[in-house]
Amino acid sequence: MAIYYQHEERLFSLHTEHSTYQMKVDDLGYLLHLYYGAKITGNMDYLLTYYDRGFSGNPYDAGGDKTYSLDVLPQEYPAMGTGDYRNSALIIRNSDESECCCLHYVSHKIENGKYSLKGLPAVYASDEEAQTLEILLEDSVSNVQVKLLYGVLEKEDIITRSAIISNHGNGSIVVEKAASACLDFVTGDYDVLSFWGRHTMERNLQRRAIEHGSYSIGSRRGASSHQYNPAVILAQRDTTENYGKCYGMVFVYSGNFLFEAEKDQYNQTRVIMGLHNELFNYPLEQGENLVIPETILGFTEQGLAKLSMQFHRCIREHICRGRFQYQTRPVLINSWEAAYFDFNGETICNLAKDAAELGIDMVVMDDGWFGKRDDDNSGLGDWQVNEQKLGCTLGEMIEKINVLGVKFGIWIEPEMVSEDSSLYREHPEWALRIPSRKPVLARNQLVLDFSREDVRNYIFDSICGVLDQGNIEYIKWDMNRSLADIYSMENSQGKVIYDYVLGVYDFLEKLLQRYPDILIEGCSGGGGRFDAGMMYYTPQIWCSDNTDALDRIRIQYGTSFLYPVSTMASHVSAVPNHQTGRRVSLHTRGVVAMGGIFGYELDPKTITKEEREEIKEQIVQYKKYEELIRKGYYYRLSNPYEDLYAAWMFTSENGDRALLNVVILENHSNMAVNYVKLKGLKPDAIYEDTGSGKKYYGSALMEAGIPMPIEKEEYSAYQMELISVSNEPGDCLRRGFD
Ligand code: GLA
């Protein structure tokens, strides 16, 4: 049992293996938050303090008690209009135009299993793995009800939160702001670790202190965005990789979001994760409800490394689904950086021939195979195969590829339409745009109104028409612009931004139901929609349009804090790199791409014979390590923003096998030696480096580290596989690689 309710004290305690979350219904019927942190026993309501605080209002039902104020008390789901002047989790505009919602406890329910959310992705778990707590709150004047949902995955040290807002009153209301999780801390100094970025440089780590005032990150782009990822860590000031208390908050949603962190007048901290309130005014008629996307919460007192592992497991085991959740993913070669739009059927078949020779499993035909699409100015929406360009039917081409023993995958961008397309000429009203204005263009394309079922159905049918033409085993689902002109010809405007995302989910769900054997890779100009919501449908996502190995090290480092390696697609591309112009050795590019789901993004015709041989070897190596990389424990061993080297490693669950990866980031004359300290090994075990045959104690590698060679080459990379061996150390060396 993970969820306990103490009737007399009206106390809820949610216990995971190492954490406790506690709240209570107080004498006035408000749901107050008491505690979230390391496991404790007992009633934490002694933490609540009551003083007469100037300019902090008192609810009428406090009976004139000036020491009772919701402006000061820690709350579970603070709503606007109650005398709490901090950030609100909920703002409701009532039918009388007032903005007030005063929620009191009504009832609760505890059940085995994990709740699911209608139309939205959410953590799933069996009845043995999880429990659900449902707390019903109500505003007795407007009859607005809020159902707070808590899922507790005891073994995973994970608690999920969501909310369902329903209108049980007579008039219509508007939800102006709604979050799924709020955490109030009466004490403590915290930092926020967030992941900011831009197209081709996503998820850079930023750590900043929560000071007085309010700090927020979010997206108004209709997608979760390259700019701010909907996942943050709240860490006590002294928390490091290996030490200290920290909380993760991952929003399971792929659209606009808002995360707010605030230190109040009494040094209390409030953090909120939910839907962005801008471009959002969700009307609810009598009897209607709105489901707020889930936030996954995790806590550990063992530092960031441990927190990352909790989230990796949770997302891999309880968000990702379907046939490919645990399955080896194909090593693929993608036509994008190999040919861009400049290809025909022969080009793709040649890529497949190269793939067969090199040991690559699959060829992916990227953008440019449909409608009139020889550049990015036209064709989107016209999902008909351009047989003239291919020189044959799609089915024939796939057959030729399959005969070589190579699988075939295809790129699509279902949410978009080009102005220059038959679809747009026929249905301009299907695009999101404000009738009286010229739309904002991006990549010369517009966004289809996916909040509309008729629009989705049309695109679904035309894409199925393509997928049914042959043995297609993989789809890359792209989304190459941010939304603007949030205006639907059919839907009510305040709903569009949310209903759009639910429309995307609905489409993806139908696609998965119809094609359960097709692997779908998510993409939005690389990692513009790299979030746990998409991972529910697409177990891997193109991490970034930046394939430069050095930049990728940082991108993958930032991504690793809350997302598992099994979700990060990563390819070896040509040099000089197309995004940065940098030259990095093929070996280093390979080692970096093996920090994710591996593949290629280059034209094998342009490389030397030696490089082809090296690629063959690279694929053999990757396949040897693949399971360890995809399923193993992942450890960050350095900070590539600060250290002269980047290092990360994987260990098997039982610690018997490990793979160390190191890239030297800076070379200097006569430089000092870099020692890399390993993690996650069994201290008393003896490990053999399968490359050199040398043996080391686990404790030695973890405590003293291993010296990296100094080479006169930029960005040299090292990979070392370690296997625990039972025999005595014998020749256990004190030297490092040589
Ligand atoms: C996006 C993707 C790329 C490629 C192009 C095609 O930018 O991230 O990988 O598919 O679109 O237009």
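The values are calculated or read from the model by the stated rules, or taken from the named source; none is laboratory data. Note that this is a predicted model, so its numbers are computed, not measured. When we count neighbours, we look across all protein chains shown, and the Cβ atoms used for this are built from the backbone with ideal geometry, even at glycine.
Among the residues of the stretch 364-395, how many are within 15 Å of residue 473 (Cα to Cα) and more than 15 Å from the ligand (Cβ to nearest atom)?
Step one: filter the stretch 364-395 for residues within 15 Å of residue 473 (Cα to Cα), giving 364-366, 394-395.
Those still in the list that are more than 15 Å from the ligand (Cβ to nearest atom) too: 394-395.
Final tally of qualifying residues: 2.
Cβ-Cβ below 7 Å, separation at least six or inter-chain, first residue in the stretch 20-39 and farther than 28 Å from residue 236 by Cα, second of a type in the set (Gly, Ala, Ser): which pairs?
28/62
Please determine, by comparing only the residues of the stretch 459-515 that are among the acidic types (Asp, Glu) and under 23 Å from residue 119 (Cα atoms), which one is farthest from the ligand (Cβ to nearest atom). Write out each step before concluding.
Narrowing the stretch 459-515 to residues among the acidic types (Asp, Glu): 461, 468, 473, 478, 485, 490, 499, 506, 509.
Then drop every residue that is not under 23 Å from residue 119 (Cα atoms), which leaves 461, 478, 490, 499, 506, 509.
Values: 461: 23, 478: 5, 490: 28, 499: 25, 506: 23, 509: 23 Å.
Per the criteria, the residue is 490.
Does the stretch 408-420 hold any residues that are outside any strand (DSSP E or B) and either buried (at least 22 other Cβ atoms within 10 Å of the Cβ) or within 14 Å of the ligand (Cβ to nearest atom) (or both), and which are they? Full working, then the answer.
We begin by selecting, within the stretch 408-420, every residue outside any strand (DSSP E or B); these are 413-415, 419.
Listed by number, the residues that qualify are 413, 414, 415.
Six or more apart or on different chains, Cβ atoms under 7 Å: show the pairs whose first residue is in the stretch 212-228 and under 17 Å from residue 534 (Cβ atoms) and whose second is of a type in the set (Val, Ile, Thr).
That search, which allows pairs on different chains as well, returns 222/497; 228/217.
Condition check: at pLDDT 95 or above, loosely packed, with under 15 Cβ neighbours inside 10 Å and among the small types (Gly, Ala, Ser). Does residue 88 satisfy that? Spell out the reasoning first.
On the way: at pLDDT 95 or above: yes; loosely packed, with under 15 Cβ neighbours inside 10 Å: no; among the small types (Gly, Ala, Ser): yes.
No, not satisfied.
What are the residues in the stretch 310-362 that are hydroxyl-bearing (Ser, Thr, Tyr) and closer than 30 Å to residue 635 by Cα, if any? Before the answer, list the steps.
Let us first name the residues in the stretch 310-362 that are hydroxyl-bearing (Ser, Thr, Tyr), namely 326, 328, 335, 340, 347.
326, 328 - these are the residues of the stretch 310-362 that are hydroxyl-bearing (Ser, Thr, Tyr) and closer than 30 Å to residue 635 by Cα.
Could you check residue 295 against (1) under 23 Å from the mean Cα position of the chain (by Cα); (2) more than 30 Å from residue 178 (Cα to Cα); (3) away from the ligand (no atom under 16 Å from the Cβ) and say which number it fails?
(2)
Of all the strands (runs of 3 or more DSSP E) wholly in the stretch 592-663, which have at least 1 residues that are within 16 Å of the ligand (Cβ to nearest atom)? Before the answer, list the steps.
Numbers: elements: 597-601, 633-636, 645-651.
Where strands (runs of 3 or more DSSP E) fall fully within the stretch 592-663 and carry at least 1 residues being within 16 Å of the ligand (Cβ to nearest atom), they are 597-601.
Among the residues of the stretch 422-457, which ones are within 16 Å of the ligand (Cβ to nearest atom) and touching a Ser or Thr at 6+ places or on another chain (Cβ under 6 Å)?
Taking the stretch 422-457 as the starting set, the residues that turn out to be within 16 Å of the ligand (Cβ to nearest atom) are 441-447.
Correct list: 445 only.
Going through 337, 357 one at a time, which residue ends up being out of contact with any Leu (no Cβ under 7 Å at 6 or more places or on another chain), of a type in the set (D, E, K, R) and either more than 13 Å from the ligand (Cβ to nearest atom) or modelled with pLDDT of 95 or more (or both)? I'd like the intermediate steps shown before the answer.
Values: 337 fails: out of contact with any Leu (no Cβ under 7 Å at 6 or more places or on another chain).
Just one listed residue meets the conditions, 357.
I need the full set of residues from the stretch 516-550 which are within 16 Å of the ligand (Cβ to nearest atom), aromatic (Phe, Trp, Tyr) and part of a loop (DSSP other than H, G, I, E, B), in order please.
Passing the criteria: only 530.
Confirm whether residue 41 is modelled with pLDDT of 95 or more, in a loop (DSSP other than H, G, I, E, B) and touching a strand residue (DSSP E or B) at 6+ places or on another chain (Cβ under 9 Å).
On the way: modelled with pLDDT of 95 or more: yes; in a loop (DSSP other than H, G, I, E, B): yes; touching a strand residue (DSSP E or B) at 6+ places or on another chain (Cβ under 9 Å): yes.
For residue 41, the condition - modelled with pLDDT of 95 or more, in a loop (DSSP other than H, G, I, E, B) and touching a strand residue (DSSP E or B) at 6+ places or on another chain (Cβ under 9 Å) - is met.
How do the pairs read when you match residues in the stretch 411-426 that are closer than 21 Å to residue 334 by Cα with residues anywhere that are within 15 Å of the ligand (Cβ to nearest atom) and of a type in the set (Phe, Trp, Tyr), using Cβ under 8 Å and keeping only pairs 6 or more apart or on different chains?
Note: pairs meeting the criteria are 411/336; 411/369; 412/383; 412/477; 413/477; 414/383; 414/477.
When the residues of the stretch 328-342 are narrowed to those that are in contact (Cβ under 8 Å) with a residue 40 or more places away in the chain and in a loop (DSSP other than H, G, I, E, B), which ends up farthest from residue 155 (Cα to Cα)? Reasoning before the result, please.
Going through the stretch 328-342, the residues in contact (Cβ under 8 Å) with a residue 40 or more places away in the chain turn out to be 328-334, 336-339.
Those left that are additionally in a loop (DSSP other than H, G, I, E, B): 328-331.
Details: 328: 26, 329: 27, 330: 31, 331: 33 Å.
Going through the qualifying residues, I end up with 331.
List the residue pairs whose Cβ atoms are under 9 Å apart, where the first residue sits in the stretch 539-557 and is closer than 14 Å to residue 661 by Cβ, the second is of a type in the set (A, V, I, L, M, F, W, C) and within 13 Å of the ligand (Cβ to nearest atom), and the two are 6 or more positions apart or on different chains.
So the pair list comes out as 552/543; 556/543.
Which of the residues spanning the stretch 340-354 are on the phi < 0 side of the Ramachandran plot and either more than 13 Å from the ligand (Cβ to nearest atom) or within 31 Å of the chain's Cα centre (by Cα) (or both)? Don't jump to the end; show me each part of the working.
Of the residues in the stretch 340-354, the ones on the phi < 0 side of the Ramachandran plot are 341-354.
Within the stretch 340-354, 341, 344, 345, 346, 347, 348, 349, 350, 351, 352, 353, 354 meet the criteria.
Report, by residue number, each residue of the stretch 463-495 that is of a type in the set (Val, Ile, Thr) and out of contact with any Gly (no Cβ under 9 Å at 6 or more places or on another chain).
Answer for the stretch 463-495, where residues must be of a type in the set (Val, Ile, Thr) and out of contact with any Gly (no Cβ under 9 Å at 6 or more places or on another chain): 463, 466.
With 193, 149, 205, 183 as the choices, which residue is among the hydrophobic types (A, V, I, L, M, F, W, C), within 20 Å of residue 113 (Cα to Cα) and in a strand (DSSP E or B)?
Working: 193 fails: within 20 Å of residue 113 (Cα to Cα); 205 fails: within 20 Å of residue 113 (Cα to Cα); 183 fails: within 20 Å of residue 113 (Cα to Cα).
Of the residues listed, the single one that is among the hydrophobic types (A, V, I, L, M, F, W, C), within 20 Å of residue 113 (Cα to Cα) and in a strand (DSSP E or B) is 149.
Among the residues of the stretch 588-610, write down those that are buried (at least 17 other Cβ atoms within 10 Å of the Cβ), farther than 20 Å from residue 409 by Cβ and out of contact with any Phe, Trp or Tyr (no Cβ under 9 Å at 6 or more places or on another chain).
589, 592
Just checking, which of 342, 361 is surrounded by 19 or more Cβ atoms within 10 Å (Cβ to Cβ) and acidic (Asp, Glu)?
Values: 342 fails: surrounded by 19 or more Cβ atoms within 10 Å (Cβ to Cβ).
Checking each option against the conditions leaves just 361.
Which of the residues that make up the stretch 168-189 are out of contact with any Pro (no Cβ under 7 Å at 6 or more places or on another chain), β-branched (Val, Ile, Thr) and under 25 Å from residue 276 (Cα atoms)?
Step one: list which residues in the stretch 168-189 are out of contact with any Pro (no Cβ under 7 Å at 6 or more places or on another chain), which gives 168-171, 173, 175-179, 181, 183, 185, 187-189.
Within this subset, residues satisfying the condition of being β-branched (Val, Ile, Thr) are 173, 175, 187.
Matches in the stretch 168-189: 173, 175.
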